[in-house]
Amino acid sequence: WRERLLGGFKKTSDRLVGNLAGLGAGRLDDATLDEIEEALIASDLGPATAARIRARLADEQVERGMEELGIRLVVAEEIEKVLAKVAKPLITDKARPQVMLVIGVNGSGKTTTIAKLAAILKDQGLKVMVAAGDTFRAAAIGQLRTWAERIGVPIVAGAEGGDAAGLAHEALKRAEAEGIDLLIVDTAGRLQNKRELMDELAKIRRVLGRIDPEAPHDVLLVLDATTGQNALNQIAVFKEVAGVTGMVMTKLDGTARGGVLVAAAEQYGLPIHAIGVGEKVDDLRGFDPNEVARIIA
Ligand code: GDP
């Protein structure tokens, strides 16, 4: 899988290395440091990380003849520091059943990520159940059903246009009755109407909380890395409407915008549980900050 991960960040790395190419030959004067900082921002790493790297480079300079490599080493070290603070595996023994609400805009990879998580955790011996709480899109319900059948986990689903909170309620009742360890609830991601989205998520939380005051135990935000800076705005909105406990960033394969992972970590400090590096069910990875940092820079 290491190769997949390498492949996953290849375009991101090519872009960053390309942006830095030719900079830093000779002494790192202010103008060059400015250019480096801009190159890092253009690589989606975010202004705070870029500024910190600039400051470190100004402080340390780099060995003659080692300029480009030396710069990349500092970049990799700083990326690792930022990612190390947020890289946290998902804890799956918070309660029985543990309830995980999965949120994010349509198309971000919610359904696929639920399937990937369900498959991994089932393999680890947990009894997993999924609930098709994205009741607005018949396609989403059908897609989750197909995944559930393929992976072999039970699904609770209703008709298109049904009440998502009612469905979540039914699912948790069933999960309790059937001795499920982890219930993963899909939700609708209609960011077009923030008020409605907020109301719906609040209602789901309310009905779950009536059965188990601690539920949902996890609110997992799924973000599409290919949307770059947009993904950062989505964190702000979903934090406000739903209270995010952790994130999964998807589609890091095939995008040059993977630097946004670093910006997200820096700006929000929310736990990042895993990354998506493909469409297949085994394309979800926990991530190793050291490895990712070395691959990116
Ligand atoms: P949802 O609308 O948020 O439920 O999104 P879906 O799970 O339906 O995913 C939308 C599209 O993105 C589908 O075509 C998925 O196969 C694709 N997708 C999801 N995760 C990844 C990923 O990590 N890498 C790639 N390349 N595609 C992904």
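The values are calculated or read from the model by the stated rules, or taken from the named source; none is laboratory data. All values derive from a computational prediction rather than experimental measurement. We place every Cβ from the backbone using ideal geometry, glycine too, and count neighbours over all the protein chains shown. Side chains are part of the model used for accessible areas, which takes the heavy atoms of the whole protein and leaves out ligands, DNA and RNA. Shrake-Rupley method; radii C 1.70, N 1.55, O 1.52, S 1.80 Å.
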Residue 55 being small (Gly, Ala, Ser), at pLDDT 90 or above and surrounded by 15 or more Cβ atoms within 10 Å (Cβ to Cβ): no
Single match in 162, 166, 152, 158 (criterion: open to solvent by 20 Å² or more (accessible area, probe 1.4 Å), more than 16 Å from the ligand (Cβ to nearest atom), in contact with a Leu (Cβ under 7 Å, 6 or more places away or on another chain) and in contact (Cβ under 8 Å) with a residue 12 or more places away in the chain): 158
Residue in region 280-297 that is farthest from residue 218 (Cα to Cα), counting only those that are touching a Gly at 6+ places or on another chain (Cβ under 9 Å) and open to solvent by 10 Å² or more (accessible area, probe 1.4 Å): 295
Criterion violated by residue 126 - all others in (1) more than 16 Å from the ligand (Cβ to nearest atom); (2) open to solvent by less than 40 Å² (accessible area, probe 1.4 Å); (3) under 18 Å from residue 203 (Cα atoms) satisfied: (3)
Any hit, region 209-220, residues being more than 16 Å from the ligand (Cβ to nearest atom), open to solvent by less than 30 Å² (accessible area, probe 1.4 Å), outside any strand (DSSP E or B) and without any contact (Cβ under 8 Å) to a residue 60 or more places away in the chain: yes
Neighbours by Cβ (under 8 Å, 6+ apart or cross-chain): first from region 175-196, under 23 Å from residue 161 (Cα atoms); second aromatic (Phe, Trp, Tyr) and outside any helix (DSSP H, G or I): 188/136; 190/136
Failed item, numbered, when residue 136 is tested on (1) open to solvent by 60 Å² or more (accessible area, probe 1.4 Å); (2) farther than 30 Å from residue 179 by Cα: (2)
The one condition in (1) within 26 Å of residue 155 (Cβ to Cβ); (2) within 14 Å of the chain's Cα centre (by Cα); (3) in contact (Cβ under 8 Å) with a residue 60 or more places away in the chain that residue 247 fails to fulfil: (3)
Of all residues in region 89-123 being β-branched (Val, Ile, Thr) and either over 16 Å from residue 286 (Cα atoms) or part of a strand (DSSP E or B) (or both), the one that is farthest from the ligand (Cβ to nearest atom): 99
Test: residue 197 is within 15 Å of the ligand (Cβ to nearest atom), crowded, with 20+ Cβ neighbours inside 10 Å and not in a loop (DSSP other than H, G, I, E, B): yes
